[in-house]
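A short write-up of the structure that comes next.
The values are calculated or read from the model by the stated rules, or taken from the named source; none is laboratory data. No experiment lies behind these values; they were computed from the predicted model shown. Because the Cβ atoms are built from the backbone with ideal geometry, glycine has one as well, and the counts that use them run over all protein chains shown.
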Amino acid sequence: MTTLDLTGLTARPSQVWGAVRLVPLVRDEPVVDLRLRSQLYGGATGLVEVGPRAVYTSYIPHGFVATWTDDGTPAAAYGTQLSTDGNAAPAATMGLHIHRRMARRQARDRLRFLPMNLALEGYLALHFGGPSIAWEEWSQRAISQGLSPRVEEAFVGAEVSGLADALRIFEIHPNQCGVMLYVGDALASAFVVPHPDDYRALHPTLLQDLYGELIYTYAMLMPPVQDFRARISDSQIRSLAHLRTAVAEQEHDWTCFHDTTMAAGLLEHAYTWQSVYRMRRFTLSRFLPQFRLQQENYIGEAITDDRGRIAYLKTFRLSETQVRRGHLLSRLAANDWHLANTAHELGIECYQLGIRLSSVGFNFLLRQDVMDGYRKQGRTRTGRARHDQPARRSK
Amino acid sequence: MDSYGDLVAADDVLLFVNAATTSTGQREFHSDAGEQRLSLDFLHAYMLGNYRDLYAGVLALDINDHNAVLIIRQLLETTGEATADQRRSEGRLIACRLATLPPQRVYGLFNALRRAGVNNRRTRAIMRDWLSARPDLAFDAVKYRSGLKRALRHAHLAPATEELGAFVFAPLTRKHYATPLLETWRRAHYEQAALYELPYTAAEGFAAKHKIPRKVFLERIAPRMTRLETLRLQESAHKIGIAGVQADLSRMPLTRLATYVLSLPVEDRLRRRAELTHALESAADRVAGSHRGSWGKVTAVLDDSFSAFGSVHKRRRPLAVALACHYLLAALADTYTGLWTSGRTDALLTRPYGPTPLGRRILDALDTTPSRLVIVSDGWDNAPPGLAAEVLRIWRTRLDPKRRTSIVHLNPVYDAADFDVRRLSSTVPTAGIRDAEDLPALVELAQFAEGRTGLAELVTYMNTRAAQMLSGHQQEQAR
């Protein structure tokens, strides 16, 4: 349970286009022994440098679909994976043949985009496998299958208005290994890769990533955000050397401001870390937030090296409903999926917890008769409450 | 003392000149073609409505061909609104400018006038005069046949000779033409050897018709190519293994040459370093002319950030202008320092890359204590934003209030949203730049932009330029 630590990555001045603000993260020393596997692009870009290399480790960011299976059918990586050998197929893939279409349009401008979603869902399901103890209230389905398959909806980057232009005109810094993407000055996602070349190749893929509905709405409704323009007070300046110092201060101030204020929602909260896979000096882990209601909550995955520095990072900002679901599930998991204990902890009645579960879309988790009982209880109790109130006031 | 209205007028004209110098209605890095065109159309309508005389006078300045054509078209479309005096002076300016425009643009303009249904007496007279001044109408007839046909038809003009008329309107009805070029064109339909005597663009069609292999065609047509056609095709010819298409780089105009150099891959630039450097330096020397070495200590800050890529329509144009300025300033200056925003020092290997830390680079430039500082940038300063403006402001107000250093910002990109080129700071004059060749004139014009001179001076300046253009035109005609 620790916070995210972006040591080694420095925030450089942001670049703004409309409501989108991109903050480049620059690495002084790129990580050279962890690289993105070039096969992912089908040889379209010769990315990985050819040369003598002591250790070569590659990672496969989730969301990329490639022909990994032997029979040539498309498959999506089940979350990010690490591998030493350039040719080995990743350990866990999820076949896509069961789905009719790769991306399915849900509404006019809302797209369900499978590869990323699979990773996201799979990842959520990994943690919330469902009740570990068969309490009597839980349905058979909840116990045997857990929460999987779960569908989470998000917006594909191409639908976030202005994002495509912002990414096109963004000027990538030398040594840039990551970016913090803000929409309407709300942090949408953080993205870090080990090497500047990887970043260059993956920069456009930010457009195919998923973003929460808050981000989508902000991009639609927010007015263009302001540039943080440099301001130098001229009363102190007597020479060019003074001016140079003032300029350096300006740059330093921005980095501080960004890390402590703008990215505070991501960096200052603790996360539950789950280590997934370890390879040589790199560890792939996934993290979950504390599910604080009505605050910024990010899930994500990261690869850290032996010194605990981030080599790869990708976060997803949860929407309000997702936070509510996560909150309920995390509370349930903390109480060993015991309904009464959880309700007690939340300070509500058992039936209210049941209704809450169903209202956030977990209807199927509870046995039908139990759920019906809760609903009935809910109806009668609220009815009596409404009946009681005037009487109490009249006393 | 200028009245407030005069100041506004001077400001408007300068704004328009900047736009007319830089914008071609094509896509730029930050705005698309539609925005560019819309913005430009508004400016043209605004200028025409408010300052017709000055609007026409802009034709004499170094604006780009796209805008020159637009101005001429607007003036001809609104002939009815002009007074007799205005018509006379406009007519002279239009005739002069048409004479310097490339013929394909003029034929395009005539076609646009035809489509817009502009057919007043002045338009017809201008078309007649321009056509009669063409050195070789038979050549035009072969190379721009449809353009010439439409122009003749629209202006109700009789072709110069009966044969030319027949060629333009019913070309293949004749068994024989007396004019050699027309006869070659007729023969080229049946005889492969004949097409190599035609202009390249006309011959290309025939080569396709006769199914001549590209390699054979390029090798034999090479002597008939124009300078720019050779330059354009040199690389593709080189790829299919033809050595014959070899542009003479030493004769190329500076900015064009810079564009060519930037189009080459880095290995080629390294291999041909001596040749390219020499070509660029001699082109810059030609432009500098008598001013060579007269500018004292000059430092330039040149933008080679990613946005200098321009767009797919104006590929690397801003960077090419910066590169050309680099060589031109080196020729003009006594002591010259060129600083690229990326920190690279080898100008020949420059490419659009990275952010724009203009503020820092300007500081470095001021450290060299130049007497002149020239900044060539698209005005987007993002690492951190606004730093260049702050550095320039503090330099002007606190460190150098006596203006020992003259600073000018040249911007090759039109910003459609602001109806002007983007400024770095209000304390430093900004002028739009199209070709590095115009740099000396622009530095002159930029002092108007600083607000220290008013409308009267500006009008005098424009009249002088117009007089220069007219007298130059007359000398040309007399020859």
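Below, the figures for the structure above:
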{"item": "Per-region count, segment B:13-61, residues surrounded by fewer than 23 Cβ atoms within 10 Å (Cβ to Cβ), among the polar types (S, T, N, Q) and within 16 Å of the chain's Cα centre (by Cα)", "result": "2"}
{"item": "Some residue of segment B:363-372 being away from chain A (no Cβ under 13 Å) and either within 23 Å of B:Asn18 (Cα to Cα) or more than 30 Å from the chain's Cα centre (by Cα) (or both)", "result": "yes"}
{"item": "Matching residues, segment B:382-418, being at positive phi and surrounded by fewer than 18 Cβ atoms within 10 Å (Cβ to Cβ)", "result": "B:Arg403"}
{"item": "Tally of residues being at pLDDT 90 or above and outside any helix (DSSP H, G or I) across segment B:203-235", "result": "4"}
{"item": "Hits in segment A:239-266 - residues which are among the aliphatic types (A, V, I, L, M), crowded, with 17+ Cβ neighbours inside 10 Å and under 25 Å from A:Ala186 (Cβ atoms)", "result": "A:Met262, A:Ala263, A:Leu266"}
{"item": "Inter-residue pairs, beta-carbon under 6 Å, first over 30 Å from B:Phe309 (Cβ atoms) and of a type in the set (S, T, N, Q) and in segment A:143-170, second assigned to a helix (DSSP H, G or I) and modelled with pLDDT under 75, 6+ apart", "result": "A:Ser148/A:Ala125"}
{"item": "Condition met for A:Leu318 (within 28 Å of A:Leu266 (Cβ to Cβ), in contact with a His (Cβ under 9 Å, 6 or more places away or on another chain) and not polar (S, T, N, Q))", "result": "no"}
{"item": "Residues located in segment B:409-425, provided they are assigned to a strand (DSSP E or B) and under 19 Å from B:Glu444 (Cα atoms)", "result": "B:His409, B:Leu410, B:Asn411, B:Asp420, B:Val421"}
{"item": "Hits in segment B:330-361 - residues which are out of contact with any Ser or Thr (no Cβ under 9 Å at 6 or more places or on another chain) and over 16 Å from B:Tyr260 (Cβ atoms)", "result": "B:Ala330, B:Ala331, B:Gly343, B:Thr345, B:Asp346, B:Gly359"}
{"item": "Positions within segment B:373-395 being of a type in the set (Val, Ile, Thr) and more than 12 Å from every other protein chain (Cβ to nearest Cβ), in sequence order", "result": "B:Val374, B:Ile375, B:Val376"}
{"item": "Per-region count, segment A:238-290, residues within 13 Å of chain B (Cβ to nearest Cβ) and either touching a Gly at 6+ places or on another chain (Cβ under 9 Å) or over 30 Å from B:Arg398 (Cβ atoms) (or both)", "result": "2"}
{"item": "Close pairs (6 angstrom Cβ cut-off, 6 or more residues apart or separate chains): more than 10 Å from chain A (Cβ to nearest Cβ) in segment B:396-408, in a helix (DSSP H, G or I) and exposed (fewer than 12 other Cβ atoms within 10 Å of the Cβ) anywhere", "result": "none"}
{"item": "Scan of segment B:342-381 for residues that are of a type in the set (S, T, N, Q), surrounded by fewer than 23 Cβ atoms within 10 Å (Cβ to Cβ) and at negative phi, ordered by number", "result": "B:Ser342, B:Thr345, B:Thr368, B:Ser371"}
{"item": "Enumerated helices (runs of 4 or more DSSP H) restricted to segment B:28-99, each holding at least 1 residues that are among the hydroxyl-bearing types (Ser, Thr, Tyr)", "result": "B:33-50, B:52-57"}
{"item": "A:Leu202 being among the hydrophobic types (A, V, I, L, M, F, W, C), under 19 Å from the mean Cα position of the chain (by Cα) and modelled with pLDDT under 85", "result": "yes"}
{"item": "Residue selected from segment B:102-125 under the condition surrounded by fewer than 17 Cβ atoms within 10 Å (Cβ to Cβ) and of a type in the set (A, V, I, L, M), by the criterion farthest from B:Leu59 (Cα to Cα)", "result": "B:Ala116"}
{"item": "Hits in segment B:293-314 (condition: part of a loop (DSSP other than H, G, I, E, B) and either at the interface with chain A (Cβ under 10 Å from one of its Cβ atoms) or polar (S, T, N, Q) (or both))", "result": "B:Ser294, B:Ser305, B:Ser311"}
{"item": "Which listed residue is in contact with a Gly (Cβ under 9 Å, 6 or more places away or on another chain), assigned to a loop (DSSP other than H, G, I, E, B) and not hydrophobic (A, V, I, L, M, F, W, C), from B:Thr345, B:Thr369", "result": "B:Thr345"}
{"item": "Top-ranked residue of segment A:1-27 - restricted to ones that are assigned to a strand (DSSP E or B) and either among the aliphatic types (A, V, I, L, M) or without any contact (Cβ under 8 Å) to a residue 60 or more places away in the chain (or both), ranked as nearest to the other protein chains (Cβ to nearest Cβ)", "result": "A:Val16"}
{"item": "Some residue of segment A:207-227 being surrounded by fewer than 16 Cβ atoms within 10 Å (Cβ to Cβ), of a type in the set (D, E, K, R) and within 14 Å of chain B (Cβ to nearest Cβ)", "result": "no"}
{"item": "Options B:Gly80, B:Gly108: the member that is farther than 22 Å from B:Leu152 by Cα and either at pLDDT below 95 or not charged (D, E, K, R) (or both)", "result": "B:Gly80"}
{"item": "Tally, over segment B:197-231, of residues that are crowded, with 17+ Cβ neighbours inside 10 Å and closer than 20 Å to B:Ser263 by Cβ", "result": "7"}
